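J.: The following block contains the structure, expressed as structure tokens.
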Amino acid sequence: MENLLPVIEKWTSIRKYKDKVIPDDVLKKILEAARRAPSWANTQPWHFIVVRDKAKKKGLKELAIGQKFLEQADTIVICCGDFSAWQRDKRKKEIIPLWEILGRKTDESAINNYLDNPVINPALRGEKFLLARQYEQLSFAISYMILQAKHENIGSCIIGGFYNNATGGNLELYKEISKELNLPEHLLILTMVTLGYPSENPKPRPRKSFENIVSYEYYGSGNK
């Protein structure tokens, strides 16, 4: 992927798919791209569940407020936030090798001071702040996923509208789906991504101008 920007410029959400199976090796590359995404202090607070079963996809369609194209997609990737990744003991184990690479001291006192800082440890800021951080971190992995999908000529669509503990709505259905997926309590479905070979070629939606969203040194300085 030598020229990435043209790939990004042509990216569009795909909601119509061919009845064609994504090869396992191609799907693995897409998921591997997500696995390789960066995360805060290498926390990697995510887990992905691949769904291809027709009955399960029908349930996920209902979870996503009846968006029919979920059933048409070859694959649905359920993107979960892993709240256990922020547990203190887990983070200690992950920080030590990271700090050793950076040449920092890894004594108990330094690590505790680090984890006691609410600026660095979002778990200290409460559930709402941690949820926001989870969405942020997961967005990195999803970005890598959909770009690799595009590179493999696979269409994708990020599903934002569905019931869960954050959005509210039909929580009974969310609990039912979670049980069917055998989700432990520390995993929360934050979004889903549909994948499949496109049967449509929509034009990219317009984006705000470069000058409208970029400033240099101070807000409103404009493009250079």
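J.: Measuring from centroid to centroid over Cα atoms, what is the spacing of the range 138-191 and the range 62-116 in Å?
T.: 15 Å
J.: To continue, here is another question. Only one of the listed values, (1) 62; (2) 66; (3) 56, was derived from the coordinates as percent of Cα pairs over 20 Å apart; which label is it?
T.: Of the labelled values, this structure produces (2).
J.: Let a ≥ b ≥ c be the square roots of the eigenvalues of the Cα gyration tensor of the range 1-95; is it rounded (a/c under 1.5), or, if not, prolate (a/b larger than b/c) or oblate?
T.: Details: a/c = 2.28, a/b = 1.39, b/c = 1.65.
Taking the square roots of the gyration eigenvalues as a ≥ b ≥ c, the range 1-95 is oblate.
J.: If you rank Thr167, Thr43 by fewest surrounding Cβ atoms within 10 Å, what's the result? Intermediate results must be reported in sequence, preceding the final value.
T.: Values: Thr167 14, Thr43 19.
If I rank by nearby Cβ atoms, fewest first, I get Thr167, Thr43.
J.: Compare Ala34, Ala73, Ala55 in a GNM of the chain, Cα atoms joined below 10 Å, and give the one with the largest fluctuation.
T.: Ala55
J.: Within the range 120-223, list the GluC sites (Glu not before Pro) lying in a DSSP loop whose Cβ has at most 15 other Cβ atoms in a 10 Å radius.
T.: On the way: sites: Glu127, Glu136, Glu152, Glu172, Glu176, Glu180, Glu185, Glu200, Glu211, Glu217; in loops: Glu152, Glu185, Glu200, Glu217.
For GluC sites (Glu not before Pro) across the range 120-223 that sit outside H, G, I, E and B with at most 15 neighbouring Cβ atoms in 10 Å, the list reads Glu185, Glu200, Glu217.
J.: Moving on to the next point. Write out the GluC sites (Glu not before Pro) in the range 1-89 meeting two conditions: DSSP loop, and at most 11 other Cβ atoms within 10 Å of their Cβ.
T.: Within the range 1-89, the qualifying GluC sites (Glu not before Pro) (loop, at most 11 other Cβ atoms within 10 Å) are Glu2.
J.: While we're on this one: Do you know the relative contact order of the range 1-134, to the nearest whole percent, from alpha carbon pairs under 8 angstrom that are 6+ apart? Walk me through the intermediate numbers first.
T.: On the way: 101 pairs, mean separation 29.8, N = 134.
Once normalised by length, the contact order is 22 percent.
J.: Could you work out the relative contact order of the chain, using alpha carbon pairs under 8 angstrom and six or more residues apart, expressed as a whole percent? Let's see the in-between values first.
T.: Working: 306 pairs, mean separation 75.7, N = 224.
It comes to 34 percent, rounded to a whole number.
J.: Tell me, what is the percent relative contact order of the range 93-224, built from C-alpha pairs under 8 Å that lie six or more residues apart? Present the calculation step by step, with values, prior to reporting the outcome.
T.: Working: 77 pairs, mean separation 20.7, N = 132.
The normalised contact order for the range 93-224 reaches 16 percent.
J.: While we're looking at this one, here's another question. What is the sum of charges around Trp99, taking Lys and Arg as +1, Asp and Glu as -1, for the other residues whose C-beta is under 11 Å from the C-beta of Trp99? Please list the in-between numbers first.
T.: On the way: positive: Lys92, Arg104, Lys105; negative: Glu94, Glu100, Asp107.
Result for the neighbourhood of Trp99: 0.
J.: Filter the trypsin sites (Lys or Arg not before Pro) in the range 103-184 down to the DSSP loop ones having no more than 10 other Cβ atoms within 10 Å, then list what survives. All intermediate terms of the calculation are to be shown ahead of the outcome.
T.: Working: sites: Arg104, Lys105, Arg125, Lys128, Arg133, Lys150, Lys175, Lys179; in loops: Arg104, Lys105.
Counting only loop positions with at most 10 other Cβ atoms within 10 Å, the trypsin sites (Lys or Arg not before Pro) in the range 103-184 are Lys105.
J.: Now a separate question. Which value in nm describes the separation of the simple spin-label points at Lys128 and Arg35, placed 7 Å from the Cα toward the beta carbon?
T.: Simple spin-label model gives 3.7 nm for this pair.
J.: Residue by residue through the range 165-181, which ³J(HN,Hα) values in whole Hz follow from phi under the Karplus form 6.51 cos²θ - 1.76 cosθ + 1.60 (θ = phi - 60°), with glycine and proline marked x?
T.: With coefficients 6.51, -1.76 and 1.60, one gets 5, 8, 7, x, x, 7, 5, 5, 5, 4, 5, 5, 5, 4, 5, 5, 7 Hz.
J.: Taking the beta-carbon count within 10 Å as an exposure proxy, list Val214, Val77, Val51 from fewest neighbours to most.
T.: Values: Val214 12, Val77 25, Val51 18.
Ranked by crowding around the Cβ, least crowded first: Val214, Val51, Val77.
J.: Report ³J(HN,Hα) in whole Hz for each residue of the range 100-116, in order, from the Karplus equation J = 6.51 cos²θ - 1.76 cosθ + 1.60 where θ = phi - 60°; Gly and Pro get x.
T.: Listing the rounded values in order: 4, 5, 7, x, 8, 5, 10, 6, 4, 5, 5, 5, 5, 4, 5, 6, 8 Hz.
J.: Among the aspartates and glutamates, which have Cα under 15 Å from the Cα of Lys203 when same-chain residues fewer than 8 positions away are ignored?
T.: Glu9
J.: Another question, then. Based only on other Cβ atoms within 10 Å, what is the fewest-to-most ordering of Asp53, Asp89, Asp74? Provide the component values of the computation, followed by the final result.
T.: Numbers: Asp53 11, Asp89 7, Asp74 19.
The order, fewest Cβ neighbours first, is Asp89, Asp53, Asp74.
J.: Any of Lys16/Lys150; Lys128/Lys208; Lys28/Lys58; Lys56/Lys175 with alpha carbons more than 18 Å apart? Name them for me. Kindly include the intermediate steps, with their values, before the conclusion.
T.: On the way: Lys16/Lys150 15 Å; Lys128/Lys208 30 Å; Lys28/Lys58 23 Å; Lys56/Lys175 14 Å.
Correct reply: Lys128/Lys208; Lys28/Lys58.
J.: Step through the residues of the range 30-44 one at a time and calculate ³J(HN,Hα) from phi using the Karplus curve (6.51 cos²θ - 1.76 cosθ + 1.60, θ = phi - 60°), rounding each to whole Hz and writing x for Gly and Pro.
T.: Couplings: 5, 6, 5, 4, 5, 4, 7, 5, x, 8, 4, 6, 6, 5, 6 Hz.
Where a number appears in this text, it was derived from the coordinates with a stated rule and is not lab data. These figures come from a predicted structure and were not determined experimentally. Using ideal geometry, Cβ is built from the backbone for each residue, glycine included, and neighbour counts are taken over all protein chains shown.
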